[in-house]
1. Given (1) at pLDDT 95 or above; (2) surrounded by fewer than 16 Cβ atoms within 10 Å (Cβ to Cβ), where does Q147 come up short, assuming only one miss?
2. State whether the residues of the stretch 84-95 include one that is crowded, with 17+ Cβ neighbours inside 10 Å, within 18 Å of S198 (Cβ to Cβ) and among the aromatic types (F, W, Y).
3. As an exercise: evaluate H116 against (1) at pLDDT 95 or above; (2) farther than 24 Å from T194 by Cβ and give the number of the one condition it does not meet.
4. Does the stretch 166-175 hold any residues that are closer than 17 Å to Q151 by Cβ and either part of a loop (DSSP other than H, G, I, E, B) or not hydrophobic (A, V, I, L, M, F, W, C) (or both), and which are they?
5. Any chance the stretch 20-34 includes a residue that's basic (K, R), at pLDDT below 95 and more than 17 Å from the chain's Cα centre (by Cα)?
6. Could you identify the single residue in G205, G217, G193, G117 that is surrounded by fewer than 18 Cβ atoms within 10 Å (Cβ to Cβ), more than 16 Å from the chain's Cα centre (by Cα) and farther than 26 Å from R86 by Cβ?
7. If you take the residues of the stretch 38-63 that are outside any strand (DSSP E or B) and surrounded by fewer than 19 Cβ atoms within 10 Å (Cβ to Cβ), which of them is farthest from the chain's Cα centre (by Cα)?
8. Pairs, please: C-beta under 7 Å, at least 6 apart or cross-chain, first residue under 11 Å from I69 (Cβ atoms) and in the stretch 114-131, second exposed (fewer than 10 other Cβ atoms within 10 Å of the Cβ) and modelled with pLDDT of 95 or more?
Amino acid sequence: MRAAVLVAIVLLLAPIAAASPPFRATDFVMRVDNPWFPLTPGTVYVYRGIKDGKPSRDVVTVSRATRMIEGVKATSVHDDLYVEGRLEERTTDWYAQDRAGNVWYFGEATKELDSHGRVTTREGSWEDGRHGAEAGVFMPAHPRVGQSFRQEYYAGHADDHFKIVALRETSLTTHEWTPLEPGVLDQKVYRRGTGTTSEDSLKGGSEHLHLVSQEHG
């Protein structure tokens, strides 16, 4: 019942996060050092958990490579998801930080793979400036409980929103949803100085991931 009420609440609040603030390419800096979502090149995060009732492992690597998107040099982050030991999804995400310290999400290239490693779909891929897609704020510079942002927008394909629901000295909790999947509500927890430490389905799914290791390359 509690999760169902939360779904109703965030769907009512979704219009608040419906527009990304404007930005200029000159507003951005070379590094991503927001304490709630730092992206230090060479860092490898390993998560373990459950996806659709099966054991999963997610390996997230902050690359030294960058991609120029709409005049902004974005950091490339590689995300390899293994389910029951098999690589099921391979994604590259692009992030950049503005001078105020906000981290923006500039796009992703995602591939879902079959048991033979062949690509079955690239659905959900998008890039700011292409086909009307728009970047959004992924992590604010000075988070406050109640803040809500749209992380991404590509009509009919990508439209993730989040709201900050708890903030302590060393941890931050968000709820995430998308109008494309109205029955789904997820929760993420971030640790100051580390980044994402856990992801959980609260409604409409059965996924759980928690950070088990972090190595600096």
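The values are calculated or read from the model by the stated rules, or taken from the named source; none is laboratory data. Bear in mind the structure is a predicted one, so any value in this text is a computation, not a measurement. Neighbour counts run over all protein chains shown; Cβ positions are idealised from the backbone, glycine included.
1. Tallying (1) at pLDDT 95 or above; (2) surrounded by fewer than 16 Cβ atoms within 10 Å (Cβ to Cβ), Q147 fails exactly one: (2).
2. no
3. Among (1) at pLDDT 95 or above; (2) farther than 24 Å from T194 by Cβ, the lone unmet condition for H116 is (1).
4. Within the stretch 166-175, T173, T174, H175 qualify.
5. Looking through the stretch 20-34, at least one residue is basic (K, R), at pLDDT below 95 and more than 17 Å from the chain's Cα centre (by Cα).
6. Going through G205, G217, G193, G117 in turn, the sole match is G193.
7. Ranking the candidates gives G53 first.
8. none
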